[in-house]
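I have placed the structure first, in the form of structure tokens, so that the comments after it can refer back to it.
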Amino acid sequence: MDPVSQGVVGAIAAASVSSEKRRNDLRYATLAGWLGGLLPDADIFIRSAEDPLLNIEYHRHFSHSFAFIPIGGLIVAGFLWLFLRKSIGFRRLLVFSTLGYATAGLLDACTSYGTQLLWPISDQRIAWNIISIIDPIFTLTLVILSVIALFRQRAILPRISVGFALAYLSLCVVQNRRASAVQADLVASREHTELVEMATVKPSLGNLLLWRSIYRVDGEFHIDAIRVGLGSGKVFEGEQVEAYDLDELRRGLDPYSTLADDLGRFAHFSSGYLGPHPTEPNVVADLRYAMAPHSAHPLWGIQIDRENPDQHVAFDNFRDQADREGSEFLRMLRGNPPAPESSEEQR
């Protein structure tokens, strides 16, 4: 999730085991947990000007795995020990740092981006698709509770925060199941149930009401928006686009070429949700993400150049339709269908 969420979840996890009998224990725990929650995302600095995919390949990689938790906790504790060794024992600092660090991978796995929790045993990108990368209700509530706890020095408040976080994530699971049930009904209504090759639902930005549904049938991705509020679910039908197969994309390429390798890396990153960009013929898009949940206009993709197979692909972000799709997103979030003129443009 976003850095604020990562830091505050690490902070409340560590502070929840602090003791009011120890002077400033909660403050040290909050600091160590906050830094522990943030450190795994230092992998964003792994990048290369020559290889644009290096950054997305190593983000949420080894630093977010279960295996790296003791090492990450030790790094944070060792750094803080340089400044706090006269105020707190190293072992206690290590406990706080490790608890904070341990939350990062698990929290990221709750989103749809993909997190390699099982590295080095497996390179599977685990994504539970239950919460958006940014969720204001979740994050702001935890920040407020943490600030109050710091001022009042009451360990009960971080424990309440942990309870809130678990309850909220449980609600996320419920909403994911509800959206999945609506998707299953939608697939059945189209007589696609026996034909589905892959499918997912994921929350749209910053909320638990509006979800992106995407599934593959007969070489096409069907993309729709699903709103699950207090009543029954509502479907906003979206677009159907060609699904790209990795083997087809690699056809005619030297299997040991840079381009063939980059296509495989991007397919792994996007969990196979590959398709075309509506207006860019040489782009392979990650169809998991769009500004509007019913849209096939991607947030990012790679530029391929078959004339230069030994050069790395370019990784591009696309924001050219952000204003229009942003307004469509707000309409659907309020329970209203997309504007008719917009739907015609998309089709």
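The values are calculated or read from the model by the stated rules, or taken from the named source; none is laboratory data. Keep in mind that what you see is a predicted model, and the values were worked out from it rather than measured. Reconstructed Cβ throughout: ideal geometry from the backbone, glycine too, with neighbour counts over all protein chains shown. Just so you know, the surface numbers come from the protein's heavy atoms only, side chains and all, with ligands and any DNA or RNA stripped out. Shrake-Rupley method; radii C 1.70, N 1.55, O 1.52, S 1.80 Å.
Listed residues 205, 186, 230; which is under 21 Å from residue 290 (Cβ atoms) and assigned to a loop (DSSP other than H, G, I, E, B)?
None of the others qualify; the one that does is 205.
Scanning the range 26-65 for residues that are in a loop (DSSP other than H, G, I, E, B) and polar (S, T, N, Q), which turns out farthest from residue 263 (Cα to Cα)?
65
How about the range 145-182: which of its residues are β-branched (Val, Ile, Thr) and either open to solvent by 30 Å² or more (accessible area, probe 1.4 Å) or free of Cβ contacts under 8 Å to residues at least 40 places away in the same chain (or both)? Break it down stepwise before answering.
In the first step, residues of the range 145-182 are kept if they are β-branched (Val, Ile, Thr); the result is 147-148, 156, 160, 162, 173-174, 182.
Result: 147, 148, 156, 160, 162, 173, 174.
For the range 278-292, name all the residues that are open to solvent by 10 Å² or more (accessible area, probe 1.4 Å) and either among the aliphatic types (A, V, I, L, M) or within 18 Å of residue 240 (Cβ to Cβ) (or both). Reasoning before the result, please.
Let us first name the residues in the range 278-292 that are open to solvent by 10 Å² or more (accessible area, probe 1.4 Å), namely 278-282, 288-291.
Result: 278, 279, 288, 289, 290, 291.
Any residue in the range 184-211 that's in contact (Cβ under 8 Å) with a residue 60 or more places away in the chain and charged (D, E, K, R): show its pairings with residues that are in a strand (DSSP E or B) and crowded, with 18+ Cβ neighbours inside 10 Å at Cβ separation under 6 Å, as long as the two are six or more apart or on different chains.
Within 6 Å, the pairs are 202/212.
How about the range 123-144: which of its residues are crowded, with 22+ Cβ neighbours inside 10 Å and either farther than 19 Å from residue 59 by Cβ or out of contact with any strand residue (DSSP E or B) (no Cβ under 7 Å at 6 or more places or on another chain) (or both)?
If the condition is that a residue be crowded, with 22+ Cβ neighbours inside 10 Å and either farther than 19 Å from residue 59 by Cβ or out of contact with any strand residue (DSSP E or B) (no Cβ under 7 Å at 6 or more places or on another chain) (or both), then 130, 135, 138, 142 are the ones that fit.
Anything in the range 293-302 that is more than 17 Å from residue 330 (Cα to Cα) and surrounded by 23 or more Cβ atoms within 10 Å (Cβ to Cβ)? List them, or say none.
Correct list: 298, 301, 302.
Please go through the range 93-106 and pick out each residue that is open to solvent by 60 Å² or more (accessible area, probe 1.4 Å) and free of Cβ contacts under 8 Å to residues at least 60 places away in the same chain.
106
Does the range 73-88 hold any residues that are within 19 Å of residue 116 (Cβ to Cβ) and either open to solvent by 30 Å² or more (accessible area, probe 1.4 Å) or touching a His at 6+ places or on another chain (Cβ under 9 Å) (or both), and which are they?
Going residue by residue through the range 73-88, those that are within 19 Å of residue 116 (Cβ to Cβ) are 73, 75.
Of everything in the range 73-88, just one residue is within 19 Å of residue 116 (Cβ to Cβ) and either open to solvent by 30 Å² or more (accessible area, probe 1.4 Å) or touching a His at 6+ places or on another chain (Cβ under 9 Å) (or both), namely 75.
So residue 264 passes all but one of these: (1) outside any strand (DSSP E or B); (2) in contact with a Ser or Thr (Cβ under 8 Å, 6 or more places away or on another chain). Which condition number does it fail?
(2)
Can you confirm whether residue 322 is closer than 21 Å to residue 214 by Cβ, among the small types (Gly, Ala, Ser) and surrounded by 17 or more Cβ atoms within 10 Å (Cβ to Cβ)?
Values: closer than 21 Å to residue 214 by Cβ: yes; among the small types (Gly, Ala, Ser): yes; surrounded by 17 or more Cβ atoms within 10 Å (Cβ to Cβ): no.
So residue 322 fails the test.
Just to be sure, is residue 120 touching a residue at least 24 places away in the same chain (Cβ under 8 Å), surrounded by fewer than 16 Cβ atoms within 10 Å (Cβ to Cβ) and within 30 Å of residue 258 (Cβ to Cβ)?
yes
Residues 122, 161, 97: which one is outside any helix (DSSP H, G or I) and either closer than 19 Å to residue 37 by Cα or among the polar types (S, T, N, Q) (or both)? Explain how you work it out, then say what you get.
Numbers: 161 fails: outside any helix (DSSP H, G or I); 97 fails: outside any helix (DSSP H, G or I).
None of the others qualify; the one that does is 122.
Somewhere in the range 15-25, is a residue assigned to a helix (DSSP H, G or I), open to solvent by less than 40 Å² (accessible area, probe 1.4 Å), farther than 27 Å from residue 176 by Cβ and at pLDDT below 95?
In the first step, residues of the range 15-25 are kept if they are assigned to a helix (DSSP H, G or I); the result is 15, 25.
Now restrict to residues that are open to solvent by less than 40 Å² (accessible area, probe 1.4 Å): 15, 25.
Narrowing the set further to residues that are farther than 27 Å from residue 176 by Cβ leaves 15, 25.
Then keep just the ones that are at pLDDT below 95; that gives 25.
Checked against the condition, which is being assigned to a helix (DSSP H, G or I), open to solvent by less than 40 Å² (accessible area, probe 1.4 Å), farther than 27 Å from residue 176 by Cβ and at pLDDT below 95, the range 15-25 yields at least one hit.
For the range 248-262, give me the residue count where each residue is touching a residue at least 24 places away in the same chain (Cβ under 8 Å) and either within 21 Å of the chain's Cα centre (by Cα) or open to solvent by 10 Å² or more (accessible area, probe 1.4 Å) (or both).
The first filter runs over the range 248-262 and keeps only residues touching a residue at least 24 places away in the same chain (Cβ under 8 Å), leaving 249, 252-254, 257-260, 262.
Narrowing further to those that are either within 21 Å of the chain's Cα centre (by Cα) or open to solvent by 10 Å² or more (accessible area, probe 1.4 Å) (or both): 249, 252-254, 258.
Count: 5.
Could you look through the range 215-246, keep only residues that are out of contact with any helix residue (DSSP H, G or I) (no Cβ under 9 Å at 6 or more places or on another chain) and among the aliphatic types (A, V, I, L, M), and pick out the one that is most open to solvent (accessible area, probe 1.4 Å)?
230
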